[in-house]
Each structure stands twice: as structure tokens, then as C-alpha cells.
Amino acid sequence: MHSYRHEFADFSPEVFLDCAYQGPFPKVTVARIHQAIELKSHPHRLKASEYFRLPGSVRARVAQLTGADASEIAITSSAMQGIGIAAAGLQLRAGDEVVVASSNFPSNLFTWLHLRRKGVAVKVIHPSEGKVTPGQVAAELTRHTRVLALDWVDYSTGARIDLASFGALVHDRGGIFVVDGTQGVGAIELNLHELPVDVMACAAYKWLLGPYGTGFAYVARTLLNKLDISVINWYSVEGAEDFDSLPKEDFRLIHDARVFDAGETASFINLHGLDASLEYLQAVTVRTVNGHCRRLLDQLAEGLRDHGYALSTASMPGHESTILCFYASTPEATANLHQKLSANHIAVSLRHGMIRVSPHLYNDEADIERLLEIARPA
């Protein structure tokens, strides 16, 4: 297995197996952020054109990684903002229905539940045996369903859903499919133009290895005219590149996803960091990341089974991702094991009674063996 460890910081003595919590910067990203800090330290070097060039570069890289057009990518500060584009933009009202899963990350749950104050019927599906099933969703869809909102990869189990199957279900009822892709984008190959996904929101600080406070939203071109915009970002007005010629009264918005960009779009310290991390992922390829992580998790799954631990639904064929969770015989035993791993410098997360393991390129077989050694039953 090729070693990428030297391309990241030295974590020793820690074995960092927690990319689903926070993706570390590659060294090239650290270098680029230092360059961006120099720009802020010497503002005369910061050219006006950079406010448009840099977001354009990030947009193009995200589009290439996700199989979208750059015109369908909004630059956001979080997955929550991306989900809000749909939740607010659709102007849902009494009589409309939204279907969500209780296992969604809070950003993709509370945003929709909050619409109940407007009389929107929000139906909450509770996963069956650790996963949401097409049958569960189909049973909740009606002719009033406007939105199905799910997570691509479950943050607490690592289980991946089939986007094609779920998207087809809601499209057949005339609704749209909104997806939180945070725990999959950058680690699982994706071609949004081949999938019935209308909006995908993603935080970039995990598998995209970007700064905290960065993200993107994919908004399918067919949906643009159906979404209301309550706040105008002046960057999204036609002719914004020529600041002194901006209209004072009549203006026209550009007809692409840039109209949903976060304010201060060219937050250059953050965006230079994200641009560098995306460039890094483009070079190594998502396929390489996925293959590397899957080999390590297959090794982990085999060892955990030998130790007598139970695995999450992410171990089931068709639901694999780059996250694997496991648990001991009791919640107390699982919590104690997590403490033991932490005490022995194994960085993993404890989520809803399971230990979550999420490696990346900087990990290798020795890291997995170390975890298995600590987790070996007495």
C-alpha cells in the first residue's frame, strides 16, 4: 500500500482514525493558508480580481469532484446553509409534506422540523435495523410530498444509501430530493448528473479536508427558477466584477447557483485552504481515497469480528462507506472501550453507543493493527 503519511502532519503518538469528525489539512493546504495570511498581512498584494478568481476555482474543483457543472455549485459556510437554500427557497406552506429520517445529522433534521410552525407536515422515519429503507420512504410519500431529505452516509453508523433508488421514489411523486453529502463527498465517487438529486449540501471540513466554516451546495439547474432568494449577495448581480459600474436601481441576477453563495464569498484565508485541499484530492483522486480506506476498513472488520464485536450496517453489502462502527456486548462496555482507546492514543469517536472509525490516506495497516491490539478482549 502506497504511503501518504508524509503528506500530512505527524500525529504521533496519536493514531488518528477520525476523519468523519475533522479532516486534517494536507501539508500543501497549510502552505497555501500561510500564503493567504501573508495577503491579509500585506493587503496591497490582494488584487480585486482575486475576489472572483478564487471562488471560481473552488467552484470548478467541486464540480469536477461531484460530476456537476460549476454553474450548479454555490459556495457556502456549512451543510446547514446548503439545506436552508431548499428549506427556505421552496416557500413551503400548510398542506405541504416533507419526509426526513430521525438518523439525519441535525442540520438535515431540525431545519425541516422547524417548518412545522408554518403548518408543513414533516414526517420522521425511524431507521429499521440501523438503516432507512426504500419501503419505509415509499410508505410516507403522497401527492403532497414536496421534499425527501436524507443523508447520503449516516454520520453515526457509516451506512450509505442508494441515492438513485430514493431519488426515484420522490421524483415519481413530484417532489425533490435533498441530500446531505458531508460524510461521503471526497471519499466516495460521485456523478450528480447521473443521479436524481436536486440539492446536495456538504460541509467541507471532513472528507474534503478543508477549513471549518467552508462547504458547498449543488443546486440542479432545473430547480433554480423554483427557489426564492430572500437575501441578495451583490457578487451575484450581473456585472459585479466591475464594481464602479454596478446599477443603483434596476439589476439582474446571474442565472446560476452563485446567487446562493455565502456572504463574503471570497473569504480568502478559508477559500485558499479549501482550494488547495480540493486540488490535492483531484490529484490523488477520490477513487484512490476510497480504495485506500476500504482496504483498511476490511482489515478492521475482519479483526473486530474475530474479537467478537458487532458491526454497524455499514458492513453490509451495498451500504459500505469509508466509515465503520462497532460495539461491545453492552453500552457500558462500549464506552469503556472508547475510553481505553483514547487513553492509548487511538483517536476515534463514540456516536450513539458505537465506536466510529474513519481512516484516510494518512493511515496504514499498522494503525488498524494498533487499534485491534488495544481492543482485544482480555
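Side notes on the structure shown:
- Subset tally (residues that are surrounded by fewer than 24 Cβ atoms within 10 Å (Cβ to Cβ) and either in contact with a Ser or Thr (Cβ under 9 Å, 6 or more places away or on another chain) or aromatic (Phe, Trp, Tyr) (or both)) for region 208-220: 3
- Screening region 209-262 for residues that are outside any loop (DSSP other than H, G, I, E, B), within 14 Å of Gly89 (Cβ to Cβ) and of a type in the set (A, V, I, L, M, F, W, C) and picking the one that is farthest from the chain's Cα centre (by Cα) gives Leu253.
- Selection from region 134-156 of residues that are of a type in the set (S, T, N, Q) and more than 21 Å from the chain's Cα centre (by Cα): Gln136, Thr142, Thr145
- A count restricted to region 145-189 and to residues that are closer than 16 Å to Trp112 by Cβ and not polar (S, T, N, Q) stands at 14.
- Members of region 117-127 found to be open to solvent by 50 Å² or more (accessible area, probe 1.4 Å) and farther than 19 Å from Ile176 by Cβ, listed by number: Arg117, His126
- A count restricted to region 318-351 and to residues that are closer than 23 Å to Asn104 by Cβ and either touching an Asp or Glu at 6+ places or on another chain (Cβ under 6 Å) or exposed (fewer than 14 other Cβ atoms within 10 Å of the Cβ) (or both) stands at 4.
- Picking from residues in region 136-171 that are touching a Ser or Thr at 6+ places or on another chain (Cβ under 8 Å) and part of a helix (DSSP H, G or I), the one that is nearest to Ala203 (Cα to Cα) is Val170.
Table: residues versus (1) over 27 Å from Arg32 (Cα atoms); (2) open to solvent by 30 Å² or more (accessible area, probe 1.4 Å); (3) aliphatic (A, V, I, L, M).
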site: His171; (1), (2), (3): yes, yes, no
site: Asp180; (1), (2), (3): yes, no, no
site: Glu194; (1), (2), (3): yes, yes, no
site: Lys206; (1), (2), (3): no, no, no
site: Thr222; (1), (2), (3): yes, yes, no
site: Asp228; (1), (2), (3): yes, yes, no
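- Single condition Glu194 does not satisfy, out of (1) within 16 Å of Gly175 (Cα to Cα); (2) at pLDDT 95 or above: (1)
- Looking across region 292-310, the residues that are small (Gly, Ala, Ser) and surrounded by 13 or more Cβ atoms within 10 Å (Cβ to Cβ) come down to Ala301, Gly303, Ala310.
- Filtered residue count, region 145-169, keeping only those that are among the acidic types (Asp, Glu) and either surrounded by fewer than 23 Cβ atoms within 10 Å (Cβ to Cβ) or under 24 Å from Asp96 (Cα atoms) (or both): 2
- Of the listed requirements (1) under 19 Å from Ala187 (Cβ atoms); (2) surrounded by fewer than 20 Cβ atoms within 10 Å (Cβ to Cβ), Leu17 misses just one: (2).
- Which listed residue is under 22 Å from Ile269 (Cα atoms) and modelled with pLDDT under 95, from Ala31, Ala70, Ala48, Ala79: Ala48
- Among the residues of region 172-208, those identified as more than 26 Å from Ser77 (Cβ to Cβ) and not in a helix (DSSP H, G or I) are Arg173, Gly174, Gly175, Pro196.
The values are calculated or read from the model by the stated rules, or taken from the named source; none is laboratory data. All figures in this text were calculated on a predicted structure; none of them were measured in a lab. Cβ atoms come from the backbone with ideal geometry, glycine included; neighbour counts cover every protein chain shown. To get the accessible areas, we keep the full protein, side chains included, count just its heavy atoms, and leave off ligands, DNA and RNA. Shrake-Rupley method; radii C 1.70, N 1.55, O 1.52, S 1.80 Å.
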